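Enquirer: Provided herewith is a single structure, encoded as structure tokens, for subsequent inquiry.
A short reminder: the numbers here are calculations on the coordinates, not readings from a lab. None of these values were measured; they are calculated from a predicted model. FYI the Cβ positions are ideal-geometry reconstructions off the backbone, even for glycines, and counts take in every protein chain you see.
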Amino acid sequence: MIFIDKILTRDYYTEKFTAMASALNKYTFEVHRSANKNIIKDTVEKAFGVDVVDVNMVVRAGKLKRDRSQRGRYGRTSCKKFAIVSIKKEQKIEIV
């Protein structure tokens with residue numbers, strides 16, 4: 001069973017991704033790190049009622065940060081995984 005709120009963490013908006021959504025019909029979501037393309041495709045189809053054509057994945061590694069409270073030791077911020085989902089030309093995703 002697929003839990004939509006666990007797979008699709010949040011929708012992701014930047015100026016570039018908003019232009020892609022309007023021109024190319026591609027939408028961007030932040031997804032769970034263990035999600036693969038098939039699970040994301042099924043989840044988006046069930047959640048929004050659209051036909052997914054293609055799914056591309058982007059993994060952004062966490063940054064190296066210095067923790068000042070522990071005498072200069074270094075740590076990492078968490079990494080994030082994004083899915084760029086292409087849907088059919090006639091369809092749209094209404095995200096409020």
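Enquirer: Kindly evaluate GLU45 against the criterion of being exposed (fewer than 10 other Cβ atoms within 10 Å of the Cβ) and either in contact with an Asp or Glu (Cβ under 7 Å, 6 or more places away or on another chain) or among the acidic types (Asp, Glu) (or both). So that I can check it myself, show each step before the final result.
Expert: Values: exposed (fewer than 10 other Cβ atoms within 10 Å of the Cβ): no; either in contact with an Asp or Glu (Cβ under 7 Å, 6 or more places away or on another chain) or among the acidic types (Asp, Glu) (or both): yes.
No: the conditions fail for GLU45.
Enquirer: OK, next. Testing ILE95 on (1) surrounded by fewer than 16 Cβ atoms within 10 Å (Cβ to Cβ); (2) of a type outside the set (D, E, K, R); (3) touching an Asp or Glu at 6+ places or on another chain (Cβ under 7 Å); (4) outside any loop (DSSP other than H, G, I, E, B), one condition comes back false. Which one is that?
Expert: (4)
Enquirer: Looking at the range 6-42, which of the residues that are aromatic (Phe, Trp, Tyr) and assigned to a loop (DSSP other than H, G, I, E, B) is surrounded by the most Cβ atoms within 10 Å (Cβ to Cβ)?
Expert: Let us first name the residues in the range 6-42 that are aromatic (Phe, Trp, Tyr), namely 12-13, 17, 27, 29.
Remaining after also requiring assigned to a loop (DSSP other than H, G, I, E, B): 12-13.
Values: TYR12: 16, TYR13: 12.
Applying the filter and picking the extreme gives TYR12.
Enquirer: Determine whether the range 32-48 contains at least one residue that is of a type in the set (A, V, I, L, M, F, W, C) and free of Cβ contacts under 8 Å to residues at least 24 places away in the same chain. If you could, list the steps in order and put the result at the bottom.
Expert: First pass over the range 32-48, keeping only residues of a type in the set (A, V, I, L, M, F, W, C): 35, 39-40, 44, 47-48.
Then keep just the ones that are free of Cβ contacts under 8 Å to residues at least 24 places away in the same chain; that gives none.
No, the range 32-48 contains no residue that is of a type in the set (A, V, I, L, M, F, W, C) and free of Cβ contacts under 8 Å to residues at least 24 places away in the same chain.
Enquirer: In the range 43-66, which residues are not in a helix (DSSP H, G or I) and not β-branched (Val, Ile, Thr)? Explain how you work it out, then say what you get.
Expert: Within the range 43-66, the subset not in a helix (DSSP H, G or I) is 49-66.
GLY49, ASP51, ASP54, ASN56, MET57, ARG60, ALA61, GLY62, LYS63, LEU64, LYS65, ARG66, listed by residue number.
Enquirer: Okay, next question. Using the structure shown, decide if VAL85 is in a strand (DSSP E or B), β-branched (Val, Ile, Thr), within 11 Å of the chain's Cα centre (by Cα) and exposed (fewer than 11 other Cβ atoms within 10 Å of the Cβ). Even if it seems obvious, please write down each step before you answer.
Expert: Values: in a strand (DSSP E or B): yes; β-branched (Val, Ile, Thr): yes; within 11 Å of the chain's Cα centre (by Cα): yes; exposed (fewer than 11 other Cβ atoms within 10 Å of the Cβ): no.
For VAL85, the condition - in a strand (DSSP E or B), β-branched (Val, Ile, Thr), within 11 Å of the chain's Cα centre (by Cα) and exposed (fewer than 11 other Cβ atoms within 10 Å of the Cβ) - is not met.
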